[in-house]
Amino acid sequence: MDGTLVDTERLWWEAVEHVAAGLGRSLTEADEEDVLGRPVEHTAEMLSRATGAPFAEVAADLHREFADRVRSGVVARPGALRLLDALAADGVPTALVTASPRAIADLVVEGLGAGRFAVTVTADDTPRTKPAPDPYLAACRALGVEPACCVAVEDTRTGVSSAEAAGCAVLAVPSLAPIAAAPGRTVRESLEDVTPAGLRDMITTREAPEASDPSDLPGSSDRPEPSDLPGPSDPRELRVMSWNLWYGGTKVHHHREKQLKIILASGVDVVGLQETYGTAARELADALGWEYHQAGENLGVISRYPITGRLGAADPGFYGGTGVRVTLGGDQDVVLWSAHLDYTPYGPYEASFDGLAAPELAAHESVRLGQMRDILAAMAPDLAACDTTPVLLVGDFNAPSHLDRDDSEWPVTRAAEEAGLRDSYREAHPDPVRSPGHTWSPVHTEHEDGSGRPEPQDRIDYVLYAGAGLRVLDSRTLVTGTPRTWPDVEDNDWPSDHAAVITTFSLGRVVRSD
């Protein structure tokens, strides 16, 4: 609806911008993933977490501001009504699938004519909304059709993810943010030249991916069965996650169920784990029906694709790195290493609390720098072949990036860069002021020593990559819910003291040397 059928995506952005400004926060390009195509509740959680304002008040303000703008009049997107009329003339049933609440959707549908849609699915009608597949699956069930026989028309990456996860072909007509073309996805500038015949051409004979009934997806106490879970995404895209689980997640009640829910909702393909507590990789993979690699008590990797090789020492110790080779399909492999570096001495503390000068800060990185160099040495054969088999290094480095701060050399990330690894988050968000990408820490706002000093917030978790076959489509940090601060963390929805990092790559075809 918003941005595809009617020109409300801009109204929604303006409403969020207005509410955010009243809370003392300016929206930036980095906020697009938390605003465009998202339900009110998601954006309200983001603003509440960022500003400390009560969630209920923020959500109410967003509802009011957006509804006021919709009532003042919405304009249909170019070609939208003509296409709906042509579909009706051809006898093609049409559903409206929106992440907006029912009250807003009804206002829009009433203005356009309620008879235009056989089905309307809103954020109020499914347990999860976009980017989960639930709304499109619900619409397909109501229409009595298979997702593979449907074309979803979307204008945001969030909506595209939802439709593709359900198994629909997608026509993307970007409104405010660009969307890349992909297999099963057609991108057009507008709907003006789209016809029912053109939509039929977008339907392929490919088998729709299995999609689970929303009632089978894991909640706070349900453990999913592997057969209920969605299958791999298109192997021409790869979504990679780095996640420090924080003592395996054990600081938070029902941590394993919450971890599973987050992994499922994020749509990731491969996860590099730190602080696994010795069992998390196996337990998560078993519940998901994925494959896993556990290295010692601290490091692991889980993958929805087959793990066809294990790299590095079987037990690298608490701090170090471990790697796997993952086969995505056909002759396409990738190598992923997960790393965790020592946390003492912690540079941001020494800079913020002790006032150390740049040479001392750099010198105190020697332990982590040595660990990074050991990991890079183990990765050397993989890096040498990265143009035939792309390579990723993810993890908690416990060190800021030289791309973010100029108060020291910060040699750990520089060593990785000199080895040929690129920082996916900073490629997607080049300006560290506009998009700091902090991963430490969503639960620590004050230093744990009880002094009341503000905890330095910094970006210390990374998804780095090398190889001609990878291109960054998107990278973001992830924290769900509105975490309470330490020590009142037991009931948090987010079971970690780090934000996760998720990068989506496109996979070009590479020529293998073997």
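The number of residues in region 112-162 being without any contact (Cβ under 8 Å) to a residue 60 or more places away in the chain and open to solvent by 60 Å² or more (accessible area, probe 1.4 Å) comes to 10. Restricting attention to region 242-275 and to residues that are surrounded by 20 or more Cβ atoms within 10 Å (Cβ to Cβ) and of a type in the set (D, E, K, R), the residue that is farthest from the chain's Cα centre (by Cα) turns out to be GLU275.
Just checking, which of VAL170, VAL108 is buried (at least 20 other Cβ atoms within 10 Å of the Cβ), among the β-branched types (Val, Ile, Thr) and within 29 Å of the chain's Cα centre (by Cα)? First the steps, then the outcome.
On the way: VAL108 fails: within 29 Å of the chain's Cα centre (by Cα).
VAL170 is the lone residue from the list that is buried (at least 20 other Cβ atoms within 10 Å of the Cβ), among the β-branched types (Val, Ile, Thr) and within 29 Å of the chain's Cα centre (by Cα).
Scanning region 393-441 for residues that are of a type in the set (D, E, K, R) and outside any loop (DSSP other than H, G, I, E, B), we see that the one that is most open to solvent (accessible area, probe 1.4 Å) is GLU418. Filtering region 48-76 to residues that are under 28 Å from the mean Cα position of the chain (by Cα) and touching a residue at least 60 places away in the same chain (Cβ under 8 Å) leaves SER48, ARG49, PHE55. Looking for something charged (D, E, K, R), modelled with pLDDT of 95 or more and not in a loop (DSSP other than H, G, I, E, B) - is there at least one such residue anywhere in region 446-459? Checked region 446-459: at least one residue is charged (D, E, K, R), modelled with pLDDT of 95 or more and not in a loop (DSSP other than H, G, I, E, B).
Across region 173-196, the number of residues qualifying as hydroxyl-bearing (Ser, Thr, Tyr) and buried (at least 19 other Cβ atoms within 10 Å of the Cβ) comes to 1. Number of residues in region 465-487 that are out of contact with any Ser or Thr (no Cβ under 6 Å at 6 or more places or on another chain), farther than 25 Å from ILE179 by Cβ and touching a residue at least 60 places away in the same chain (Cβ under 8 Å) equals 3. If the condition is being surrounded by fewer than 16 Cβ atoms within 10 Å (Cβ to Cβ), charged (D, E, K, R) and touching a Gly at 6+ places or on another chain (Cβ under 8 Å), then region 22-57 contributes no residue at all. Here ASP333 fulfils each of the conditions (1) touching a Lys or Arg at 6+ places or on another chain (Cβ under 9 Å); (2) assigned to a strand (DSSP E or B); (3) within 30 Å of VAL367 (Cβ to Cβ); (4) not β-branched (Val, Ile, Thr) apart from (3).
Could you go through region 276-284 and let me know if any residue there is in contact with a strand residue (DSSP E or B) (Cβ under 8 Å, 6 or more places away or on another chain), under 28 Å from THR482 (Cα atoms), free of Cβ contacts under 8 Å to residues at least 24 places away in the same chain and surrounded by 23 or more Cβ atoms within 10 Å (Cβ to Cβ). Looking through region 276-284, at least one residue is in contact with a strand residue (DSSP E or B) (Cβ under 8 Å, 6 or more places away or on another chain), under 28 Å from THR482 (Cα atoms), free of Cβ contacts under 8 Å to residues at least 24 places away in the same chain and surrounded by 23 or more Cβ atoms within 10 Å (Cβ to Cβ).
Here the condition is being closer than 26 Å to ARG188 by Cβ and not acidic (Asp, Glu); of VAL16, VAL58, VAL40, VAL35, it holds for VAL35 alone. Counting the residues of region 78-103 that are touching a Pro at 6+ places or on another chain (Cβ under 7 Å) and under 25 Å from VAL35 (Cβ atoms) gives 2. Looking at region 94-102, is at least one residue in a strand (DSSP E or B), of a type in the set (Lys, Arg) and free of Cβ contacts under 8 Å to residues at least 60 places away in the same chain? Looking for residues that are in a strand (DSSP E or B), of a type in the set (Lys, Arg) and free of Cβ contacts under 8 Å to residues at least 60 places away in the same chain, one finds none in region 94-102, hence no. If you check ASP387 against the conditions, is it outside any strand (DSSP E or B), out of contact with any Lys or Arg (no Cβ under 9 Å at 6 or more places or on another chain), open to solvent by 20 Å² or more (accessible area, probe 1.4 Å) and without any contact (Cβ under 8 Å) to a residue 40 or more places away in the chain? No: the conditions fail for ASP387.
Would you mind stating whether TYR349 is closer than 23 Å to LEU273 by Cα and touching a residue at least 40 places away in the same chain (Cβ under 8 Å)?
Working: closer than 23 Å to LEU273 by Cα: no; touching a residue at least 40 places away in the same chain (Cβ under 8 Å): yes.
Judged against the criteria, TYR349 is not a match.
Scan region 488-506 residue by residue and report those that are of a type in the set (A, V, I, L, M, F, W, C) and not in a strand (DSSP E or B).
To start, the set of residues in region 488-506 that are of a type in the set (A, V, I, L, M, F, W, C) comprises 489, 494, 499-502, 505.
Answer for region 488-506, where residues must be of a type in the set (A, V, I, L, M, F, W, C) and not in a strand (DSSP E or B): VAL489, TRP494, ALA499.
Just one of (1) within 19 Å of the chain's Cα centre (by Cα); (2) open to solvent by 30 Å² or more (accessible area, probe 1.4 Å); (3) not basic (Lys, Arg) fails for THR445. It is (1).
Go over the candidates GLU455, GLU490 one by one and state the one that is loosely packed, with under 14 Cβ neighbours inside 10 Å, touching a residue at least 12 places away in the same chain (Cβ under 8 Å) and under 28 Å from GLY248 (Cβ atoms).
Working: GLU455 fails: loosely packed, with under 14 Cβ neighbours inside 10 Å.
Just a single option satisfies the conditions, and that option is GLU490.
To keep it simple, each residue is scored yes or no on (1) open to solvent by less than 40 Å² (accessible area, probe 1.4 Å); (2) within 30 Å of LEU473 (Cβ to Cβ); (3) without any contact (Cβ under 8 Å) to a residue 40 or more places away in the chain; (4) in contact with a strand residue (DSSP E or B) (Cβ under 6 Å, 6 or more places away or on another chain).
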{"residue": "GLU291", "(1), (2), (3), (4)": "no, yes, yes, yes"}
{"residue": "THR308", "(1), (2), (3), (4)": "no, yes, yes, yes"}
{"residue": "GLY323", "(1), (2), (3), (4)": "yes, yes, no, yes"}
{"residue": "LEU336", "(1), (2), (3), (4)": "yes, yes, no, yes"}
{"residue": "ALA339", "(1), (2), (3), (4)": "yes, yes, no, yes"}
{"residue": "ASP354", "(1), (2), (3), (4)": "no, no, yes, no"}
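Flag set for GLY73, criterion: at positive phi, at pLDDT below 90 and surrounded by fewer than 21 Cβ atoms within 10 Å (Cβ to Cβ). Within region 292-308, can you find the residues that are closer than 15 Å to GLY329 by Cβ and in contact with a Lys or Arg (Cβ under 8 Å, 6 or more places away or on another chain)? Selection gives ILE307, THR308.
Restricting attention to region 463-480, the residues that are of a type in the set (Val, Ile, Thr), part of a loop (DSSP other than H, G, I, E, B) and either under 12 Å from ASP387 (Cβ atoms) or open to solvent by less than 20 Å² (accessible area, probe 1.4 Å) (or both) add up to 0.
If you take the residues in region 247-275 that are among the polar types (S, T, N, Q) and either in contact with a helix residue (DSSP H, G or I) (Cβ under 6 Å, 6 or more places away or on another chain) or modelled with pLDDT under 90 (or both), which one is nearest to VAL501 (Cα to Cα)? Give the derivation first.
As a first pass, look at region 247-275 and keep what is among the polar types (S, T, N, Q): 250, 259, 266, 274.
Filter once more, so that each one left must be either in contact with a helix residue (DSSP H, G or I) (Cβ under 6 Å, 6 or more places away or on another chain) or modelled with pLDDT under 90 (or both): 259, 266.
Values: GLN259: 14, SER266: 11 Å.
Among those that are among the polar types (S, T, N, Q) and either in contact with a helix residue (DSSP H, G or I) (Cβ under 6 Å, 6 or more places away or on another chain) or modelled with pLDDT under 90 (or both), it is SER266.
The values are calculated or read from the model by the stated rules, or taken from the named source; none is laboratory data. Here the structure is a predicted model, which means the values were calculated and not measured. Note that we place each Cβ from the backbone using ideal geometry, even for glycine, and neighbour counts take in every protein chain shown. Areas reflect the complete protein model, heavy atoms only, side chains present, ligands, DNA and RNA absent. Shrake-Rupley method; radii C 1.70, N 1.55, O 1.52, S 1.80 Å.
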